[in-house]
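S.K.: Submitted below is the structure of interest, expressed as structure tokens.
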Amino acid sequence: MRIDKTCATAVALIAAVTLTSHSASANDPQSIVDALGKVFGSHKARASGAKGQCVAGMFTPSAEAKQLTKSASFQSAVPVLGRFSMGGGNPKIADATKAAVRGFSFKLDPGGKGTTEFVMASAPMNFAKSPAQMLGFLEARFPGPDGKPDPEKIKAFAAANPETGRQGQWLAGKPVPASYVGVNYWAIHAYTATNAAGRAQKIKFTLVPTGGEAGLTDDEAKTRPADFLVAELAERIKNKTPAGFNVMAIIGEASDPTNDPTVMWAEEDKRKTIMLGTIAITRIEKNEACDGGIFDPTNLADGIAGPKDDPMFLPRQPAYAISFSRRVN
Ligand code: HEM
């Protein structure tokens with residue numbers, strides 16, 4: 001959350017400078033934010049993850065975390081500001097929608113010593129491997145003169161870009177989440193963790209629910225009210241039912257790719273993992289606490305670094321900043 005309302009204009013300017021210095025191209029972050037607006041309609045909510053709820057809690061690191069990272073965010077218990085969301089740019093999407101990912105964005109804040117932010121989804125792969133492919137995916141869904149997307153265009157894009165279907169297929173094979181804290185989340189990109197001795201390790205991050213996975217059958221999902229997820233979370237917190245996650249590092253190997261977020265590593269779900277700590281969600285927070293800035297996945301305290309060769313990673317910051325400037329201006 002590196003931005004607040006008072007500097008919204010500055011953000012818009014920074015975004016404009018970022019864009020002009022690269023000369024606007026078909027796959028620049030602004031084109032993607034514009035395209036999200038065309039697919040989902042214009043509104044003052046986030047261009048993606050439009051429906052969501054701000055929450056607060058604590059992160060307590062494990063003793064093993066130090067083996068992997070020297071990051072100040074993983075050395076002692078730190079407050080967490082988070083936001084759960086429904087995937088896509090429809091602020092009225094029903095919570096039981098099976099085809100949408102759930103999102104969890106959060107910031108580990110050790111108080112001025114270097115914060116770490118993640119913007120995760122409830123699938124281990126993304127639906128696009130590059131901004132150009134993400135733009136194409138959205139363009140194929142632009143509404144036509146009748147206000148509806150053309151199914152033939154969607155089919156043709158999917159046939160020409162088969163990897164863009166992997167996330168949807170993965171979600172189709174899973175139950176509808178019965179809780180925002182009843183589903184695993186992944187940061188998807190490959191990161192490098194470096195410890196105090198300078199040892200670097202390729203990892204991916206995943207969150208595993210402390211209360212176990214909780215799913216609905218398709219029939220059960222039909223009976224859930226459109227906005228049941230926040231009420232369910234509030235009830236868990238009130239009843240002291242586990243509402244949080246173990247933060248896990250999936251251990252990578254030298255040959256694992258870091259440049260394509262549409263692929264999982266070979267046998268990724270059977271890899272060795274190291275628990276880095278536990279997030280406990282303790283409070284439903286006012287949405288204003290999350291809406292005054294962005295969760296910036298490129299904001300990482302020293303000791304965790306994002307991928308250098310993943311074309312989807314760095315464009316996230318300017319895209320989120322542009323969306324932010326539009327929702328507050
Ligand atoms: C692994 C890849 C990605 C994942 C898992 C992901 C996930 C998410 C999630 C969970 C949110 C909601 C954020 C919140 O709660 O504040 C979000 C917002 C957003 N995403 Fe992504 N995203 C990815 C890549 C991208 C890329 C590459 C772009 C565009 C270049 C993009 C554009 C946006 C925009 C414009 C927003 C709204 C941000 C705001 O207004 O604060 N995303 N994304």
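S.K.: Go through segment 238-249 residue by residue and turn each phi into a ³J(HN,Hα) via Karplus (6.51, -1.76, 1.60, θ = phi - 60°); whole Hz please, and just put x for glycine and proline.
M.R.: Each residue of segment 238-249 in turn: 4, 7, 6, 6, x, 9, x, 8, 8, 8, 10, 9 Hz.
S.K.: Ok, one more. Would you work out the charge dipole size for segment 279-329 about its Cα centre, treating the Cβ of every Lys and Arg as +1 and the Cβ of every Asp and Glu as -1, and quote it to the nearest 20 debye?
M.R.: 180 debye
S.K.: Enter the accessible area per residue of the chain (Å², integer; probe 1.4 Å; all protein chains in place).
M.R.: Accessible area per residue: 45 Å².
S.K.: If Lys and Arg each add +1 and Asp and Glu each add -1, what is the summed charge of the other residues whose beta carbon sits under 12 Å from the beta carbon of Pro149?
M.R.: +1
S.K.: Excluding residues fewer than 8 places away in the same chain, name every one of the lysines whose C-alpha is closer than 19 Å to that of Lys308.
M.R.: Lys129, Lys202, Lys204
S.K.: Springs between alpha-carbon atoms under 10 Å, Gaussian network over the chain: tell me which of Lys204, Lys70, Lys222 tops the mean-square fluctuations.
M.R.: Ranking Lys204, Lys70, Lys222 by mean-square fluctuation puts Lys222 first.
S.K.: Using a cut-off of 19 Å between alpha-carbon atoms, which aspartates and glutamates can reach Lys148, once sequence neighbours fewer than 8 places away in the same chain are excluded?
M.R.: Asp34, Glu139
S.K.: Can you give me the long-range amide H partners of Ala45? Hydrogens built in the peptide plane at 1.01 Å from N, cutoff under 5 Å, separation of 5 or more residues or another chain.
M.R.: none
S.K.: For segment 42-189, which semi-axes, largest first and in whole Å, follow from the square roots of 5 times the eigenvalues of its Cα gyration tensor?
M.R.: Each semi-axis is the square root of five times an eigenvalue, giving 33, 17, 15 Å.
S.K.: Run the accessible area of the chain with a 1.4 Å probe and give the carbon-and-sulfur part as a rounded percent.
M.R.: Ligands and nucleic acids excluded, carbon and sulfur reach 57 percent.
S.K.: Then there's this: To the nearest 10 Å², what's Glu163's accessible area with a 1.4 Å probe?
M.R.: Only protein atoms counted, so the area is about 30 Å².
S.K.: Same structure, new question: Which number do you get for Rg(Cα) / (2.2 N^0.38 Å) in the chain?
M.R.: 0.96
S.K.: Shifting gears a bit: Accessible surface of Val80 in the full protein assembly, 1.4 angstrom probe, to the nearest 10 Å²?
M.R.: Roughly 10 Å² of Val80 is accessible to a 1.4 Å probe.
S.K.: While we're here: If you average the alpha carbon positions of segment 59-120 and of segment 270-321, how far apart do those two centres end up, in angstrom?
M.R.: 5 Å
S.K.: Follow-up. Is the shape of segment 280-321 best called rounded, prolate or oblate, per the rule: a/c under 1.5 gives rounded, else a/b larger than b/c gives prolate, else oblate, with a ≥ b ≥ c the square roots of the Cα gyration tensor eigenvalues?
M.R.: Oblate, since a/c reaches 1.5 and b/c is not below a/b.
S.K.: OK, next. For the chain, give the magnitude of the charge dipole about the Cα centre (Cβ charges: +1 Lys/Arg, -1 Asp/Glu; no others), in debye to the nearest 20.
M.R.: My answer is approximately 500 debye.
S.K.: Could you tell me how many cubic angstrom of Cα convex hull volume segment 184-262 has per residue?
M.R.: 147 Å³
S.K.: Using packing as a proxy for protection, rank 279-288, 152-161 so that the peptide with the highest average count of other Cβ atoms within 10 Å comes first.
M.R.: Highest-to-lowest ranking by the protection proxy: 279-288, 152-161.
S.K.: Just add up the charged neighbours of Gln169: K/R +1, D/E -1, any other residue whose Cβ is under 13 Å from the Cβ of Gln169.
M.R.: For residues surrounding Gln169, the net value is +2.
S.K.: Assigning unit charges at the beta carbon (Lys, Arg +1; Asp, Glu -1) and nothing else, what dipole magnitude in debye, to the nearest 20, does segment 109-177 show about its Cα centre?
M.R.: Computed charge dipole of segment 109-177: roughly 180 debye.
The values are calculated or read from the model by the stated rules, or taken from the named source; none is laboratory data. The model shown is predicted, which means the values in this text are computed figures rather than measured ones. Virtual Cβ from ideal backbone geometry, glycine too; neighbours counted across all protein chains shown. Surface areas here come from the heavy atoms of the whole protein model, side chains and all, with no ligands, DNA or RNA. Shrake-Rupley method; radii C 1.70, N 1.55, O 1.52, S 1.80 Å.
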